[in-house]
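Enquirer: Would you mind keeping the following structure in view while I ask a few things?
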2 protein chains.
Amino acid sequence: MAEKVVTRIKGTAKEIHGEILAGKKPELKLPLRSLANVRYAVQKGYFELRGKRKLRALTVGTVKTFAQTLRMMALSKELVEQDDIATKREAYYVSKNWGDARFDEQDESDTVMDDVEALFGVNREQLGFIPEEKGGEVAGRLVVIDRNPDGSELRLDCTQFGSGAYSMPISVEHLKFETKAAFILAIETAGMFQRLVKHGYWQTANCILISMGGVPTRACRRFIRRLADEKKIPVYAFVDGDPYGYSNIYRTLKVGSGNAAHLNEFFCVPQARFLGVMPQDIIEYKLEEATHPLKDVDIKRAKDALKNDPFYQHHKPWQKAIEQMLQMGVRAEQQALAKHGLNYVIDEYLPRKLAHPERFLP
Amino acid sequence: MAEKVVTRIKGTAKEIHGEILAGKKPELKLPLRSLANVRYAVQKGYFELRGKRKLRALTVGTVKTFAQTLRMMALSKELVEQDDIATKREAYYVSKNWGDARFDEQDESDTVMDDVEALFGVNREQLGFIPEEKGGEVAGRLVVIDRNPDGSELRLDCTQFGSGAYSMPISVEHLKFETKAAFILAIETAGMFQRLVKHGYWQTANCILISMGGVPTRACRRFIRRLADEKKIPVYAFVDGDPYGYSNIYRTLKVGSGNAAHLNEFFCVPQARFLGVMPQDIIEYKLEEATHPLKDVDIKRAKDALKNDPFYQHHKPWQKAIEQMLQMGVRAEQQALAKHGLNYVIDEYLPRKLAHPERFLP
């Protein structure tokens with residue numbers, strides 16, 4: 001993979017070099033990164049870019065951006081060759097030594113980085129650039145295979161972290177996996193994750209527990225995706241029963257985000273299915289007393305999803321669920337199950353749910 | 001520890017029971033949790049409660065709160081006896097089964113939990129209650145000793161996590177430690193932590209790396225505190241050179257927060273010292289080009305610290321540093337060091353700093 005990236009960067013650089021030597025005006029063809037250039041690829045399961053491209057030719061007006069794009073490519077090549085990493089912030093600071101090609105604001109360097117990412121059709125982690133944010137703890141029946149700084153292999157047995165957990169790195173491209181788990185349970189809150197870890201739920205259910213801690217980070221989505229793809233295991237999402245849980249957390253996990261469509265290919269988990277909490281669960285599990293009325297922002301978010309989100313527009317069962325929630329006028333958090341006792345979720349809710357994964361929403 | 005808590009809960013309950021049987025009006029003496037009842041204990045290194053207490057007697061007006069307080073004590077006893085845990089949110093939901101003593105809002109149950117915490121002079125983790133939030137990754141020369149769900153011992157070698165890390169549990173009271181590290185480096189950003197992990201910096205420097213990810217969570221502060229106390233190793237903070245880094249992140253790590261003075265005893269790290277980034281570093285390490293002008297909010301925060309914060313009022317060198325920052329009018333992030341190359345921080349900055357820990361600010 002690393003070699004491929006370097007080869008492609010060199011290839012593009014060589015083309016430009018050739019054009020300059022031939023006295024031609026060099027240009028870069030960059031995919032247009034905007035919603036107007038996006039469609040919902042139902043088969044693949046994510047928003048993807050249509051073919052439109054913008055030209056970045058070398059002119060008096062574009063000379064700075066053009067130089068910055070080449071510099072960013074060179075930095076990426078250096079990172080990949082040296083097996084090093086840089087956060088977006090660090091890349092911005094590195095540019096302070098690029099003379100007139102330096103970035104004045106990080107916004108500018110982020111945009112150029114996104115362009116380079118889209119140009120090579122890879123995610124920025126593959127270019128050596130990593131996000132600032134961490135996120136994603138793992139416990140259960142999984143062995144992660146990583147490397148020591150000296151290159152030697154390292155096996156991380158996620159059954160052996162006690163009350164703690166394995167914290168995945170910011171970039172997960174190099175990890176390999178071994179598992180015989182039946183499924184991955186992706187959990188919204190750190191509190192629920194801690195409960196399931198504390199009671200060794202992964203043992204009972206033969207599964208892998210992953211804490212998303214709210215909207216899953218890129219690293220967390222990529223980790224789940226690679227693991228689920230390579231090991232062919234299902235992914236079940238266990239999040240709050242509210243519009244934020246449905247349309248921000250779950251939808252981002254499953255199909256990615258509209259604003260970063262050139263990335264969704266890598267950062268979505270199309271095989272994810274929704275375990276709960278569903279509006280119907282409030283009735284079936286007698287959670288009425290532990291619900292909260294929908295706030296205005298909840299109602300707005302739910303209506304927006306129905307009206308504007310291609311994902312919900314494509315999936316009838318989701319439309320029904322959201323309409324039911326609007327009709328009931330209440331939301332229920334995953335921790336609301338504690339109303340029946342702290343470990344009701346382990347003894348009752350999850351087993352009853354997991355007996356019928358075919359009922360999980362897409 | 002667990003036994004002690006249960007014994008004290010039982011003792012208090014027995015007293016109240018006795019008073020009721022004797023036909024007296026039972027009462028609870030709760031420490032007053034407010035800034036008016038706080039002083040800066042310089043010797044101990046944190047804000048602590050003065051002795052003032054409020055009485056919660058059983059009257060017609062207080063019967064609900066009184067009952068809730070006893071119920072919360074009973075829940076705590078149950079948790080500790082069964083070695084279980086409950087988040088604040090879960091405790092709120094559990095109350096939905098307390099009939100008329102149920103809480104209507106989580107605010108109310110949080111307040112009663114804080115009262116119980118202050119009443120017994122322990123932190124809520126010792127009562128079985130855990131926060132929602134996670135936080136705190138560890139890599140380096142440390143073995144954490146935890147227990148499996150079946151009670152057997154588990155050893156977690158934090159040199160063996162590759163590019164990943166050990167994610168500490170939400171409650172860390174039961175952990176034990178083995179280490180020969182020379183110091184703990186508490187790092188503000190996940191990005192910097194990832195860089196130091198990637199390059200095996202803990203090996204070079206014989207240290208323990210801890211990622212705080214912004215303002216450190218309770219678990220993270222408690223973990224560092226227990227580790228530093230038990231193993232008698234120094235703690236160095238490596239955070240951004242800006243007012244937020246100084247007065248929010250570092251100050252919270254070191255002396256705790258003003259609003260939760262009944263907890264600071266457990267959740268502060270008085271032995272912490274400030275490695276950088278200092279305003280003087282901007283000059284010494286030639287970072288001028290990589291700084292940012294102070295924003296209004298930065299200036300306000302810095303002036304507030306000088307004027308109102310007992311910690312800064314007590315430490316002259318900190319006053320000087322903040323005044324220097326205000327005078328220079330700029331701030332510098334820890335990642336600004338990348339201006340001199342991505343690994344300048346490893347090859348130059350940290351070694352030069354660590355050669356003179358006596359220069360670190362208190």
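Enquirer: Within the range B:217-227, how many residues are touching a Phe, Trp or Tyr at 6+ places or on another chain (Cβ under 9 Å) and either of a type in the set (D, E, K, R) or more than 14 Å from chain A (Cβ to nearest Cβ) (or both)?
Expert: Qualifying residue count, the range B:217-227: 5.
Enquirer: Only one of these is more than 13 Å from chain B (Cβ to nearest Cβ), open to solvent by less than 10 Å² (accessible area, probe 1.4 Å) and of a type in the set (S, T, Y): A:T69, A:T87. Name it.
Expert: A:T69
Enquirer: Another one. In the range A:192-215, what count of residues is obtained for those that are within 14 Å of another protein chain (Cβ to nearest Cβ), on the phi < 0 side of the Ramachandran plot and in contact (Cβ under 8 Å) with a residue 40 or more places away in the chain?
Expert: Within the range A:192-215, residues that are within 14 Å of another protein chain (Cβ to nearest Cβ), on the phi < 0 side of the Ramachandran plot and in contact (Cβ under 8 Å) with a residue 40 or more places away in the chain number 15.
Enquirer: Among (1) open to solvent by less than 20 Å² (accessible area, probe 1.4 Å); (2) more than 14 Å from chain A (Cβ to nearest Cβ); (3) of a type in the set (G, A, S), which single condition is B:G61 missing?
Expert: (1)
Enquirer: Taking helices (runs of 4 or more DSSP H) that do not extend beyond the range A:243-357, which have at least 3 residues that are within 30 Å of A:A118 (Cβ to Cβ) and open to solvent by less than 60 Å² (accessible area, probe 1.4 Å)?
Expert: It comes to A:251-255, A:264-267, A:310-314.
Enquirer: While we're here: Would you point out which residue out of B:K232, B:K254 is out of contact with any helix residue (DSSP H, G or I) (no Cβ under 7 Å at 6 or more places or on another chain) and over 18 Å from B:G136 (Cβ atoms)?
Expert: B:K232
Enquirer: While we're on this one: Only one of (1) out of contact with any strand residue (DSSP E or B) (no Cβ under 7 Å at 6 or more places or on another chain); (2) at pLDDT 95 or above fails for A:T252. Which number is that?
Expert: (2)
Enquirer: All but one of (1) within 11 Å of chain A (Cβ to nearest Cβ); (2) at positive phi hold for B:G256; state the number of the condition that does not hold.
Expert: Answer for B:G256: the failing condition is (1).
Enquirer: Quick check on the range B:211-232: of everything there that is among the aliphatic types (A, V, I, L, M) and not in a helix (DSSP H, G or I), which residue is modelled with the highest pLDDT?
Expert: Here the residue is B:M212.
Enquirer: Here's a follow-up. How many residues are within 21 Å of A:Y236 (Cα to Cα), in contact (Cβ under 8 Å) with a residue 60 or more places away in the chain and among the charged types (D, E, K, R) when one looks only at the range A:282-337?
Expert: Here the count works out to 2.
Enquirer: With the requirement that a residue be within 13 Å of chain A (Cβ to nearest Cβ) and surrounded by 17 or more Cβ atoms within 10 Å (Cβ to Cβ), what does the range B:90-101 give you?
Expert: B:E90, B:A91, B:Y92, B:Y93, B:V94, B:S95, B:K96
Enquirer: Ok, one more. Taking only pairs six or more apart or across chains, which ones have beta-carbon atoms under 9 Å, a first residue in the range B:155-168 that is closer than 13 Å to B:L142 by Cα, and a second residue that is acidic (D, E) and open to solvent by less than 10 Å² (accessible area, probe 1.4 Å)?
Expert: B:R155/B:D146; B:L156/B:D146; B:F161/A:D146
Enquirer: Continuing with this model, one more query. In the range A:156-191, which residues are aliphatic (A, V, I, L, M) and closer than 30 Å to A:L337 by Cβ?
Expert: Of everything in the range A:156-191, those that are aliphatic (A, V, I, L, M) and closer than 30 Å to A:L337 by Cβ turn out to be A:A165, A:M168, A:A181, A:A182, A:I184, A:L185, A:A186, A:I187, A:A190.
Enquirer: So B:V277 ticks every box in (1) free of Cβ contacts under 8 Å to residues at least 40 places away in the same chain; (2) over 29 Å from B:E48 (Cβ atoms) but one. Which box is left unticked?
Expert: (1)
Enquirer: Out of (1) surrounded by 17 or more Cβ atoms within 10 Å (Cβ to Cβ); (2) of a type outside the set (D, E); (3) modelled with pLDDT under 85; (4) touching a Pro at 6+ places or on another chain (Cβ under 9 Å), what's the single condition that is false for B:R33?
Expert: (4)
The values are calculated or read from the model by the stated rules, or taken from the named source; none is laboratory data. Source: prediction; values computed, not measured. Cβ: placed from backbone, ideal geometry, glycine included. Neighbour counts: every protein chain shown. With ligands, DNA and RNA removed, areas are computed over all heavy atoms of the protein, side chains included. Shrake-Rupley method; radii C 1.70, N 1.55, O 1.52, S 1.80 Å.
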